[in-house]
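Novice: Right, I'll just put the structure down here and ask away after.
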Amino acid sequence: MAETIWADDWESLGEEEWQGGGRSRTLPRGEHLGATLYELPPGATGGLYHFHHGAEELLVMLRGRATLRTPAGERELEEGEVVDFPPGPDGAHQVQNRGDEPVRYLVVSNRDVRVESVEYPDSGQISVMARTASHAGDGPLFRIFRYEDGEA
């Protein structure tokens, strides 16, 4: 069966606190590009407010209307709208569903970043990840740290 953005077969139901209640599923990925499909029920968020240091992301709003938070403030996204989030603090973002109907959107990003870090300004966290194995021997590197006063 062909992959479709309209199927409701979710890999994650957003049960982790950092996921904000949004459902998600990774789509077929290439060597350089990857995409994840999200659906937010009313009252859910697409995760914590964050920005990437290595990856660039592109959001395509497929269904419904969502609230987008960026460093410029909040605004409503409409169906069909496309938004780019560059690496660094200027690309910080969070998607929220404040409406009464589910919203669905696609996020595409570059996968050729070998080492990545993501900052979460509201929660004082930074995550570090790599495709290579960790010295700890438990698979690819993925660690979350807390920072205070802007220092990691």
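Novice: Charges at C-beta only: +1 for Lys and Arg, -1 for Asp and Glu. How large is the resulting dipole of the stretch 46-131 about its Cα centre, in Debye rounded to 20?
Specialist: With Lys and Arg at +1 and Asp and Glu at -1, about 260 debye.
Novice: Quick one: which of 68-81, 4-17 comes out on top by average Cβ neighbours within 10 Å, and what's the full order, highest first?
Specialist: 68-81, 4-17
Novice: Set the Förster radius R0 to 35 Å, insert the Cβ-Cβ distance between residue 144 and residue 65 as r into 1/(1 + (r/R0)^6), and round the FRET efficiency to 0.05.
Specialist: For residue 144 and residue 65, the calculated efficiency is 0.65.
Novice: Another question, if that's okay. Could you order the peptides 33-42, 128-137 from most to least packed, using the average number of other C-beta atoms within 10 Å per residue?
Specialist: Those peptides, ordered most packed to least, come out 33-42, 128-137.
Novice: To the nearest 20 debye, what charge dipole does the chain have about its Cα centre, counting +1 at the Cβ of each Lys and Arg and -1 at the Cβ of each Asp and Glu?
Specialist: Roughly 240 debye for the chain.
Novice: How many times 2.2 N^0.38 Å is the alpha carbon radius of gyration of the stretch 1-81?
Specialist: In units of the 2.2 N^0.38 Å rule of thumb, it is 1.14.
Novice: Can I ask one more? In nm, to one decimal, how far is the residue 53 label point from the residue 26 one, both placed 7 Å along Cα→Cβ?
Specialist: Computed distance between label sites residue 53 and residue 26 equals 2.2 nm.
Novice: Once you have a ≥ b ≥ c as the square roots of the Cα gyration tensor eigenvalues for the stretch 34-111, tell me rounded if a/c is under 1.5, and otherwise prolate or oblate according to whether a/b is larger than b/c.
Specialist: prolate
Novice: Let me ask something else about it. Specify which residue in the list 62, 118, 36 is farthest towards the positive end of the charge dipole of the chain, using unit charges on the beta carbon of Lys, Arg (+1) and Asp, Glu (-1), about the Cα centre.
Specialist: Among 62, 118, 36, the one farthest towards the positive end of the dipole of the chain is 36.
Novice: Taking 0.36 nm per residue of separation and subtracting the Cα-Cα distance, what length does fully extending residue 16 through residue 128 add?
Specialist: 38.5 nm
Every number in this text was worked out from the coordinates using simple rules, so none of it is lab data. As the structure is a prediction and not an experimental result, all values here were calculated from the model. All Cβ positions, glycine included, derive from the backbone under ideal geometry; neighbour counts span all protein chains shown.
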